[in-house]
Amino acid sequence: MSLTDPTGTLIIVDVQLAIDNPSWALHGPRNNTQGEANIARLLAGWRQTARPIVHVRHDSTEPHSTYRPGGPGHAFKPQAMPLPGETVVGKRVNSAFIGTDLEARLRSVGAQTLVICGVITDNSVEATVRVAGNLGFDVWLAEDACWTFARRDRRGRVWPAEDVHALTLAILDGEYCRIATTAEILASIGAA
């Protein structure tokens, strides 16, 4: 595995206080309670190696959304807090590429490789990965730096978060991205 592209960009999707609202765990708890710690590790590695970072912030237009601007959940979580000078891209739908200038920003710096992490695995992360892959980027998804919640299907069955997460990764792997752990990604960029 190699991520030698010095313009390889870390994209952190929707890691805001909103995701801690109990409404997200309506059908059961989230998986991967180490997700934020792994995102912090990726951020530290990207900062150490002076690679580009994009923080994606969901700016919901829904009146009761936990991600609505001005609400208590709109702020970034401490583990994913942008530093001055780091790029922040606001989005209003699930994919970070739709209705934003993200693709233009990435093309302007010659980025070809993207490492994506954040929330929710089967929602905004998946949508962003799929579009990035379709746009021709070499996409890596940090499997242990994203998470989801239990889901109820149309027949009433509740699928545990770990199963939803694993199936989403299986569907994306090889078709839209490569799946790797935080440790594998950091080793590949030469970060401690």
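Mind telling me which of the residues V93, V119 ends up being of a type in the set (V, I, T) and buried (at least 17 other Cβ atoms within 10 Å of the Cβ)?
Result of the check over V93, V119: V119.
Residues that are modelled with pLDDT of 95 or more, crowded, with 16+ Cβ neighbours inside 10 Å, charged (D, E, K, R) and in a helix (DSSP H, G or I): does segment 177-184 have at least one?
yes
Sort through R130, R178, R154 and tell me the only one that's free of Cβ contacts under 8 Å to residues at least 12 places away in the same chain and farther than 21 Å from N21 by Cβ.
Among R130, R178, R154, only R154 is free of Cβ contacts under 8 Å to residues at least 12 places away in the same chain and farther than 21 Å from N21 by Cβ.
Which number in (1) farther than 19 Å from Q34 by Cα; (2) charged (D, E, K, R); (3) surrounded by 19 or more Cβ atoms within 10 Å (Cβ to Cβ) marks the one condition that D173 misses?
(3)
Of the residues in segment 97-140, how many are of a type outside the set (V, I, T) and in contact with a Gly (Cβ under 9 Å, 6 or more places away or on another chain)?
Residues in segment 97-140 being of a type outside the set (V, I, T) and in contact with a Gly (Cβ under 9 Å, 6 or more places away or on another chain): 8 in total.
Can you name every residue in segment 151-161 that is among the aromatic types (F, W, Y) and in a loop (DSSP other than H, G, I, E, B)?
Here is the first cut: in segment 151-161, the ones among the aromatic types (F, W, Y) are 159.
Across segment 151-161, there are no qualifying residues.
Restricting to segment 101-150, name every residue that is more than 20 Å from L42 (Cβ to Cβ), not in a helix (DSSP H, G or I) and not aliphatic (A, V, I, L, M).
Within segment 101-150, D101, G110, G136, F149 meet the criteria.
Failed condition for R47, given (1) charged (D, E, K, R); (2) free of Cβ contacts under 8 Å to residues at least 40 places away in the same chain; (3) farther than 22 Å from A183 by Cβ, with all others met?
Of the numbered conditions (1) charged (D, E, K, R); (2) free of Cβ contacts under 8 Å to residues at least 40 places away in the same chain; (3) farther than 22 Å from A183 by Cβ, the odd one out for R47 is (3).
In this structure, is S188 crowded, with 17+ Cβ neighbours inside 10 Å and either of a type in the set (D, E, K, R) or modelled with pLDDT under 95 (or both)?
Spelling it out, S188 is indeed crowded, with 17+ Cβ neighbours inside 10 Å and either of a type in the set (D, E, K, R) or modelled with pLDDT under 95 (or both).
How many residues does segment 16-36 hold that are farther than 20 Å from A166 by Cβ and not in a loop (DSSP other than H, G, I, E, B)?
Final tally of qualifying residues: 6.
Collect the residues in segment 93-107 that are of a type in the set (D, E, K, R) and over 16 Å from the mean Cα position of the chain (by Cα), keeping them in residue-number order.
Here is the first cut: in segment 93-107, the ones of a type in the set (D, E, K, R) are 101, 103, 105, 107.
Correct list: D101, R105, R107.
Only one of R130, R151 is surrounded by 13 or more Cβ atoms within 10 Å (Cβ to Cβ), touching a strand residue (DSSP E or B) at 6+ places or on another chain (Cβ under 6 Å) and within 26 Å of R30 (Cα to Cα); which?
Details: R130 fails: touching a strand residue (DSSP E or B) at 6+ places or on another chain (Cβ under 6 Å).
One residue alone meets the criteria, R151.
The values are calculated or read from the model by the stated rules, or taken from the named source; none is laboratory data. Fair warning: this is a prediction, and the values are worked out from it, not measured in the lab. Cβ coordinates were reconstructed from backbone atoms using ideal geometry, including for glycine residues, and neighbour counts include every protein chain displayed.
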